[in-house]
Amino acid sequence: MIQFKKEGEKDWEAVENLLDLAFSPSRIHLSSYSLRKDVQRVESLCFIAKDELGDVLGVVRQWPILIGNDPKSDSLLTGPVAVHPIVQGEGIGSTLLRLSLNKSRVNGWKRSILIGDIDYYRNFGFRQQTKQKITFPPPTDPRRVLFLELQLGSFEGLTGEVRKYV
């Protein structure tokens, strides 16, 4: 039976191993990782899936980011979301993502950005940008930058580059 719970410090190594398996160790060179470097993840929004043996089979993490120069632009960078290849397609990633996004709303977060495939993430409410007002650090395909209003209208008026939370 799969258990879904908050990621703890003791899970760090197993999660990193899963992320290496899902995305390769070179994932740390992606632009999204530059926004995470030396930034504390939002621990209350990071969840894992474990099997009955205690093996980590899935993870979702959330990180704080800023958009442009607006001091009220606190946002979430959702991801990485990863599921072990042996259990992909069983709904683990969907459950983790819904759990984290619902908790994000409850905790008062207004918006989230994710880098991913629109065909999958539209199921969770993510959308592509219709007008290029918010940019993600290169090299990132702008079609893979997805936006989710956790609160209605929360992206209105925000412009500029997504930047590291400081």
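Going by the conditions given, is residue 73 part of a loop (DSSP other than H, G, I, E, B) and crowded, with 20+ Cβ neighbours inside 10 Å?
yes
Among the residues of the range 125-141, is there at least one that is open to solvent by 30 Å² or more (accessible area, probe 1.4 Å), touching a Gly at 6+ places or on another chain (Cβ under 7 Å) and either in a loop (DSSP other than H, G, I, E, B) or among the charged types (D, E, K, R) (or both)?
No.
Residue pairs, Cβ under 7 Å, 6 or more apart or interchain, first in the range 143-166 and at negative phi and in contact (Cβ under 8 Å) with a residue 40 or more places away in the chain, second open to solvent by less than 20 Å² (accessible area, probe 1.4 Å) and among the polar types (S, T, N, Q). List them.
These pairs meet every condition: 148/112; 150/104; 150/112; 158/73.
Filter the range 107-122 for residues that are assigned to a helix (DSSP H, G or I) and either out of contact with any strand residue (DSSP E or B) (no Cβ under 7 Å at 6 or more places or on another chain) or surrounded by fewer than 17 Cβ atoms within 10 Å (Cβ to Cβ) (or both) and give the result.
Of everything in the range 107-122, those that are assigned to a helix (DSSP H, G or I) and either out of contact with any strand residue (DSSP E or B) (no Cβ under 7 Å at 6 or more places or on another chain) or surrounded by fewer than 17 Cβ atoms within 10 Å (Cβ to Cβ) (or both) turn out to be 118, 119, 120, 122.
Which numbered condition trips up residue 95, out of (1) in contact with a Phe, Trp or Tyr (Cβ under 7 Å, 6 or more places away or on another chain); (2) under 27 Å from residue 132 (Cα atoms); (3) β-branched (Val, Ile, Thr)?
Here residue 95 meets the rest and fails (2).
Suppose the filter is of a type in the set (S, T, N, Q), under 28 Å from residue 14 (Cα atoms) and open to solvent by less than 30 Å² (accessible area, probe 1.4 Å); does residue 104 pass it?
So residue 104 fits the description; yes.
To keep it simple, each residue is scored yes or no on (1) within 15 Å of the chain's Cα centre (by Cα); (2) open to solvent by 10 Å² or more (accessible area, probe 1.4 Å).
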site	(1), (2)
28	yes, yes
46	yes, no
86	no, yes
91	no, yes
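Can you name every residue in the range 142-166 that is of a type in the set (A, V, I, L, M, F, W, C) and either open to solvent by 60 Å² or more (accessible area, probe 1.4 Å) or part of a helix (DSSP H, G or I) (or both)?
Matches in the range 142-166: 152, 166.
The values are calculated or read from the model by the stated rules, or taken from the named source; none is laboratory data. Small disclaimer: the values here were computed from a predicted structure and weren't measured. Counting neighbours? That spans all protein chains shown, and the Cβs are built from the backbone with ideal geometry, glycine included. Remember, those area values only see protein heavy atoms, side chains included, never the ligands or the DNA or RNA. Shrake-Rupley method; radii C 1.70, N 1.55, O 1.52, S 1.80 Å.
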